[in-house]
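Inspection log for the structure reproduced underneath, given as structure tokens.
The values are calculated or read from the model by the stated rules, or taken from the named source; none is laboratory data. Keep in mind the model is a prediction, meaning the values are calculated, not measured. FYI the Cβ positions are ideal-geometry reconstructions off the backbone, even for glycines, and counts take in every protein chain you see. Ligands, DNA and RNA are excluded from the accessible area calculation, which covers all protein heavy atoms including side chains. Shrake-Rupley method; radii C 1.70, N 1.55, O 1.52, S 1.80 Å.
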Number of protein chains: 2
Amino acid sequence: MLDDEYRYKILKELQQDPNMSQRALAKRLEISLGKTNYCLNALIEKGMIKADNFKNSTNKMGYLYLLTPKGIEEKIALTQRFLQRKLKEHETLEKEIEQLRQEVKT
Amino acid sequence: MLDDEYRYKILKELQQDPNMSQRALAKRLEISLGKTNYCLNALIEKGMIKADNFKNSTNKMGYLYLLTPKGIEEKIALTQRFLQRKLKEHETLEKEIEQLRQEVKT
DNA sequence: TTATCATCGTTCACCAATTGAACACCCTCC
DNA sequence: GGAGGGTGTTCAATTGGTGAACGATGATAA
């Protein structure tokens, strides 16, 4: 459940916008709230993310999910690993498409 | 469970080699025997495939899973739909890769 | 013939992953 | 105080997928 993909995506989204509820995160990643909560807590557990309780100046209260230095490093590593995987997928996909085109010709 | 992908793949494999056990099919598609059985029966139910009981000349008995005319048509339609989807995926993937490359630069 | 072995399709109890309604809590505003 | 809207957390329920086990059938050996 805690595969690279979601670890990467969560770190990415939170780095970009640490002020983001778990619900917003869930919507963005197109996964359930429960799964989001599970993955996020795992990242916190591992010291990748620090959850800061904080109050917005005017209105609502909320959390800030900030990447720790370790989290930032991890995110970089994951990005590279993720890119490699995507490149492999890309290669595979192109072969598949070529094959499908051949098939359509017939 | 009976998504386009497996319908397409099953029709393709069986068109190519109608003499193929469900176990062999399962291995080829990298899905479980149970799922293979379920999908295949659904295709039979819909009249896409006809299961002929038949005896091999020399040794074993087995089934022939032959595509019906309707099945052949369906397979063509699925191939095209599948190709379209793969092209979309391809586009998406390239964007993702580009984005990842940008990110790695930083 | 009978027994054994291999292979077939079918079944279904089991496991893992995922979901989201429900809950407790906090804050603001009336 | 109470209503309303936002939090994160929980967990019963559903879903999807698995493959061992089963009965049937034909080939093969005794």
Tell me the distances, shortest first, between residue B:42 and the same position across the other copies, using label points 7 Å along Cα→Cβ, in nm to one decimal.
-> 2.8
Angle between the Cα long axis of helix A:33-45 and the longest principal axis of chain A, 0 to 90 degrees, nearest 10?
-> 70
Along Cα-to-Cβ, 7 Å out, sits the label point; list in nm, shortest first, how far the one on residue B:92 is from those in the other copies.
-> 1.5
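222 nm [θ] for the protein assembly as shown, helices only, -39500 (n - 2.57) per DSSP H run of 4+, per residue, to 500?
Details: 8 runs with 142 residues, N = 212.
Per the formula, -22500 deg cm²/dmol.
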Whenever you get a sec, line up B:92, B:36 from highest to lowest accessible area (probe 1.4 Å, protein heavy atoms).
-> B:92, B:36
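Diagonalise the Cα gyration tensor of the protein assembly as shown and give the resulting equivalent ellipsoid semi-axes, square root of 5 times each eigenvalue, largest first, whole Å. Don't jump to the answer; show the numbers that get you there.
Values: eigenvalues 445, 73, 50 Å².
For the protein assembly as shown, the semi-axes come out at 47, 19, 16 Å.
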Calculated FRET efficiency for the pair residue A:50/residue B:87, C-beta based, R₀ 45 Å, to 0.05 = 0.60
How much FRET efficiency would the formula 1/(1 + (r/R0)^6) give for residue A:38 and residue A:80, where r is the Cβ-Cβ distance and R0 is 25 Å, rounded to 0.05?
-> 0.50
Which Cβ of chain B lies nearest the axis of the rotation superposing B onto A, and at what whole-Å distance?
-> B:93, 3
Any idea how far apart residue B:73 and residue A:105 come out in nm if each label point goes 7 Å out from Cα toward Cβ?
-> 2.7
Among the listed pairs B:27/B:50; A:27/A:88; B:46/B:88; B:50/B:86, those beyond 24 Å (Cα-Cα) = A:27/A:88; B:46/B:88; B:50/B:86
